[in-house]
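Let me begin by presenting the structure, written as structure tokens, before commenting on it.
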Amino acid sequence: MSALILDGKAIAAAVRQELKATVTQFRAKGITPGLAVCLVGEDPASDVYVRNKVRACEEVGIRSVELRLPATTTQVELEALIDRWNADDTIDGILVQLPLPKGLDAGPIVARIATHKDVDGFGMENLGQLTAGKPALVACTPAGVMEILRRHSLNTGWSLRGKHAVVVGRSITVGRPMALLLLQANATVTICHSQTADLKSFVSSADLLVAAAGQRHLVQGDWVKPGAVVIDVGIHRGEDGKLSGDVDFAPAAALASAITPVPGGVGPMTIAMLLANTVQACQARRVGA
Ligand code: GUN
């Protein structure tokens, strides 16, 4: 079997086009969605992510406020910034790029972001809503995976209902919300992680595999169940400069029915869903149903 390639880059472009149309309607009513992004310190990877987020905002008509602060910024200063943005009616979403430099504690910063402006979905209230089966603002990467799966279902008739979904990884940012979203979509969900004994046996029984462990080629291609849908959240740069994922792509693609590539799979969806969350937050707070 040669797998269908799930083209996240193309899906993200389609999502951005749809958002642009919605934002145009909001702006016609005099409401411009606003996203505030803060980068503390000079981590080069974070610098690229933040630049891409700001550029994507411009493309769909969202106003972005970008603040770059030195690594010497204090916890109190950062918390005061969040308070200011929380109180600013023109700002619908607040994002503090992680990781923060040493000496700053991300937990209280994330917790300080107003729930209705928490477009990362990392705050306790939004995580709780998701856990209770009433998702509000959902973490962008797992939301992006669900959008890929939603379109795959529409295009092919494939369904998650009753399927065995295996999520490899248990992070607050991806693995846990991913598992809850799949559960919400009526899959039977197993969460595996670094301490799981016999990972291969779980992966081999997965109708849907979501690999989000952050370890290059952790999942060997021949572990994949024939006909499975494979979603690879990992992204790793090898010594040769090439990007690869948590799944060994070529042998996995030989067995899967559909698979996301790296790059060009889940990655572009994360930013698209950040924009979607910002538009959703604006709609909820300023536009109305
Ligand atoms: N760092 C890497 N990915 C993310 C993300 O999705 N949100 C934030 N705030 N920081 C990140």
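The values are calculated or read from the model by the stated rules, or taken from the named source; none is laboratory data. Computed from a predicted model, the values in this text were never measured in an experiment. The area values use the complete protein model at the heavy-atom level, side chains included, leaving out ligands, DNA and RNA. Shrake-Rupley method; radii C 1.70, N 1.55, O 1.52, S 1.80 Å.
In the structure displayed, which of Lys163/Lys225; Lys9/Lys242; Lys117/Lys163 lie more than 23 Å apart, Cα to Cα? Mind dumping the intermediate values first?
Details: Lys163/Lys225 13 Å; Lys9/Lys242 18 Å; Lys117/Lys163 34 Å.
Correct reply: Lys117/Lys163.
Kindly point out which whole DSSP H helices in the chain project their C-alpha atoms 15 angstrom or further along the helix axis while averaging a Kyte-Doolittle hydropathy of 1.0 or above.
Working: long enough: 8-28 (30 Å, 0.06); 44-60 (25 Å, -0.45); 75-87 (18 Å, -0.23); 140-156 (24 Å, -0.05); 267-282 (24 Å, 1.10).
Qualifying helices, which must be both long enough and hydrophobic enough, are 267-282.
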Legend entry - Top of Met178, Met146, Met273 by mean-square fluctuation, Gaussian network on the chain, Cα under 10 Å: Met146
Legend entry - More than 20 angstrom apart: percent of Cα pairs within the stretch 178-258: 30
Legend entry - Within the accessible area of the chain (1.4 Å probe), percent carbon and sulfur: 54
Inset, instruction - State, as an integer percentage, the relative contact order of the chain based on alpha-carbon contacts under 8 Å between residues 6 or more apart. - result: 23
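Helix-only mean residue ellipticity at 222 nm, the chain, DSSP H runs n ≥ 4 weighted -39,500 (n - 2.57), per residue, nearest 500. What is it?
Details: 10 runs with 122 residues, N = 289.
Helix contribution divided over all residues of the chain: -13000 deg cm²/dmol.
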Inset, instruction - Return the sequence-ordered ³J(HN,Hα) values of the stretch 118-123 in whole Hz as given by the Karplus equation 6.51 cos²θ - 1.76 cosθ + 1.60 applied to θ = phi - 60°, using x for Gly and Pro. - result: 7, 6, 7, x, 8, x
Legend entry - Cα centroid separation, the stretch 186-206 to the stretch 90-116 (Å): 32
Legend entry - Contact order normalised by residue count of the stretch 133-195, Cα under 8 Å, 6+ apart, percent: 37
Inset, instruction - Sort largest first and round to whole Å: the equivalent ellipsoid semi-axes of the chain, each the square root of five times a Cα gyration tensor eigenvalue. - result: 32, 21, 18
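Can you work out the accessible area per residue across the stretch 108-228, with the rest of the protein chains kept in place, probe 1.4 Å, in square angstrom?
Numbers: 5420 Å² over 121 residues.
With the other protein chains kept in place, the stretch 108-228 gives 45 Å² per residue.
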